[in-house]
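To keep things clear, I will list the structure first and then write my remarks on it.
The values are calculated or read from the model by the stated rules, or taken from the named source; none is laboratory data. Just so it is clear, the model here is predicted, and its values are computed rather than measured. Note: ideal-geometry Cβ built from the backbone for every residue, glycine included; neighbour counts use all protein chains shown. Surface areas here come from the heavy atoms of the whole protein model, side chains and all, with no ligands, DNA or RNA. Shrake-Rupley method; radii C 1.70, N 1.55, O 1.52, S 1.80 Å.
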Amino acid sequence: MVNGLRYTNTGIPCFNEIAREHTSYLTALKKNGVQVHLLPSSERWPDSLFVEDPALVFPQGAIILRSIREERAGERDLIEPVLRSKFAKVLEIDNGYVDGGDVLCTSDNVIIGLSSRTTQEGAERLVKCLSNLGLSGTITDTPHGVLHLKSDCSLLDEKTVFVTPRLAVSQVFKNYKKIITPETEYAAANAIRINSSVFVNKDCVKSIALLKQSGFKTTALPSTEIRKLDGGLSCMSLRWLNL
Ligand code: CIR
């Protein structure tokens, strides 16, 4: 895993530190009422820890995505059998490319960000798969130089997004209440709402204060080492409601 992809090489991350961050994450998920299914690790696919990217899951079914990066191309084969064992309906993106990190699921729509990982063709295929599951999708842009749409935003509740200033201007959020990350803490935007708590990067103290002031309960989690691989809190799990 320490050999995973990274945009800027700040040195090989420490395996033990990542393992500790991952354990804190798992503990917090369980403490907040999530039933966790842990997948076996893979030496062959070092980025496979980031299970958010090769698939999407909804109560109605799962969608297997397609990575544009050869270094991640086999991850879909790792996750597919697990999803087939859990979902009656499993669809696949067979053309174009989409990473799950570019997909923000809201209560009534799925927002898909075009990026260096998600192509127009992949996004259009995804909209078709979503429609097959009875869901709607909207394609939008991701700010230039940002890895994934969700590097810069997260959904805090049905009507509220936590978003960086550079993405907050997007029309796609025009009907949302926006809480804007402080200029020095863009990394906080990759948060996740888990039942009654918002998981947020522990170092982002201003953001934690801001979220608390806005009435959200927070769980501060360490992610310094995982960030060296461009990972964040959303990307280490695939989350769905058992209806
Ligand atoms: C990559 O570059 O693909 C991984 N090192 C990081 C992926 C992070 N995924 C995400 O934010 N959804």
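Take the conditions (1) surrounded by 15 or more Cβ atoms within 10 Å (Cβ to Cβ); (2) under 27 Å from Asn195 (Cα atoms); Val34 misses just one of them, which is (1).
Every test in (1) under 19 Å from Ser234 (Cα atoms); (2) in the same structural domain as Lys228 (by TED's automatic domain parsing) is passed by Lys174 save one, and that test is (1). In segment 113-182, counting only strands (runs of 3 or more DSSP E) that sit wholly within it, the ones holding 1 or more residues that are touching a Phe, Trp or Tyr at 6+ places or on another chain (Cβ under 6 Å) and more than 15 Å from the ligand (Cβ to nearest atom) span 153-157, 160-163, 177-180. Among the residues of segment 204-226, at least one is within 13 Å of the ligand (Cβ to nearest atom) and open to solvent by 10 Å² or more (accessible area, probe 1.4 Å). The one condition from (1) in the same structural domain as Leu65 (by TED's automatic domain parsing); (2) open to solvent by 60 Å² or more (accessible area, probe 1.4 Å); (3) under 28 Å from Leu221 (Cα atoms) that Ser131 does not meet is (3). Residues that are touching a Ser or Thr at 6+ places or on another chain (Cβ under 8 Å) and either in contact (Cβ under 8 Å) with a residue 24 or more places away in the chain or surrounded by fewer than 13 Cβ atoms within 10 Å (Cβ to Cβ) (or both) within segment 188-203 comprise Ala188, Ala189, Asn190, Ala191, Ile192, Arg193, Ile194, Ser197, Val198, Phe199, Val200, Asn201, listed in sequence order.
Yes/no per residue for (1) at pLDDT below 95; (2) touching a Pro at 6+ places or on another chain (Cβ under 8 Å); (3) over 21 Å from Arg72 (Cβ atoms); (4) assigned to a helix (DSSP H, G or I):
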residue	(1), (2), (3), (4)
Asn3	yes, yes, no, no
Thr10	yes, no, no, no
Pro13	yes, no, no, no
Arg20	no, yes, yes, yes
Lys30	no, no, yes, yes
Gly33	no, no, yes, no
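Identify the residue in segment 48-89 that is among the basic types (Lys, Arg) and free of Cβ contacts under 8 Å to residues at least 24 places away in the same chain and, among all such residues, is most open to solvent (accessible area, probe 1.4 Å).
Quick first cut of segment 48-89, residues among the basic types (Lys, Arg) only: 66, 69, 72, 76, 84, 86, 89.
Keeping just the survivors that are free of Cβ contacts under 8 Å to residues at least 24 places away in the same chain gives 76, 84.
On the way: Arg76: 45, Arg84: 114 Å².
That would be Arg84.
With the condition kept exactly as written, say whether any residue in segment 91-103 is in a strand (DSSP E or B) and either modelled with pLDDT under 95 or open to solvent by less than 10 Å² (accessible area, probe 1.4 Å) (or both). Within segment 91-103, one or more residues are in a strand (DSSP E or B) and either modelled with pLDDT under 95 or open to solvent by less than 10 Å² (accessible area, probe 1.4 Å) (or both). Checking each residue in segment 108-131 for being of a type in the set (Gly, Ala, Ser) and either closer than 22 Å to Val161 by Cα or in contact with a Lys or Arg (Cβ under 8 Å, 6 or more places away or on another chain) (or both) picks out Gly113, Ser115, Gly122, Ala123.
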